[in-house]
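Data first, discussion second: the structure below is written as structure tokens.
Each reported figure results from applying straightforward, stated rules to the coordinates on display, with no laboratory input. In this text, all values refer to a predicted model and were calculated from it rather than measured experimentally. Backbone-built Cβ (ideal geometry, glycine too); neighbour counts: all protein chains shown.
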Amino acid sequence: MGQKTNPINNRLLIVNEWQSKWFGGRNIAKLLVEDLKIRDFLKSELKNAGVEKVELIRSRDRLDIKIHTSKPGMVIGRGGQGINRLRDLVTSKFYPGGTPGIRVDIIENRLPELSAVLVAQSIGNQIERRIPYRRAAKQAVERTMAAKGLGIKVIVSGRLNGAEIARTEKFGQGSIPLSRFASRIDYAVYHAQTTYGVVGVKVWINLGDKVETEEE
């Protein structure tokens, strides 16, 4: 089961929450497409800012955008100019009429080693810079375990080191209980663009049992 489904989607409303929070009624398809386009646009604008996720909360006349990032200084900019720039860009591109009003909040992720998205991005970026994939993956595993992660699994697949035949290699440490719904499993995929083609990086991180973390 765990091999065939996304661990995050599989645990929605059990240990994970939706990244879009609104009621669309008959406009649900339109708003869903808008959310996807806004997320892709912001991630392309903040490609090097360590963006983990973008939450979108809609009300009748306002759109709240919460950007989770490990480098808040790069997003905020000097005197908050970065936030104003992002708000103006989203408004001009998606809502030229000025409705809804847009508010941008920046939330810092102080433990990027425990975020599957940021770990996958880090490994993928190193592969794109021609750093050996084994070193990148093993260093990521060590950093995650040093940050008190309970387990991590990394799968790198493609034409590794420029080989003519694509292959898959796995790296991991600790436990990844994919069939336990109470376990908080973070998951992400990153596609590294190399001169030999696309190299896929998948990362699973075990953040512990939800019940245990609440009791602590």
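Mind checking whether some residue in the stretch 27-40 is in a loop (DSSP other than H, G, I, E, B) and of a type in the set (A, V, I, L, M, F, W, C)?
No: zero hits.
Among the residues of the stretch 66-103, which ones are under 17 Å from K47 (Cα atoms) and among the aliphatic types (A, V, I, L, M)?
I67, M74, V75, I76, I83, L86, L89, V90
Of the residues K47, K21, which single one is closer than 30 Å to S179 by Cβ, surrounded by fewer than 16 Cβ atoms within 10 Å (Cβ to Cβ) and either in contact with a Ser or Thr (Cβ under 9 Å, 6 or more places away or on another chain) or of a type in the set (D, E, K, R) (or both)?
Result: K21 is the single residue among K47, K21 that is closer than 30 Å to S179 by Cβ, surrounded by fewer than 16 Cβ atoms within 10 Å (Cβ to Cβ) and either in contact with a Ser or Thr (Cβ under 9 Å, 6 or more places away or on another chain) or of a type in the set (D, E, K, R) (or both).
Specify the residue that is nearest to the chain's Cα centre (by Cα); the eligible residues are those in the stretch 143-179 that are buried (at least 16 other Cβ atoms within 10 Å of the Cβ) and among the basic types (K, R).
K153
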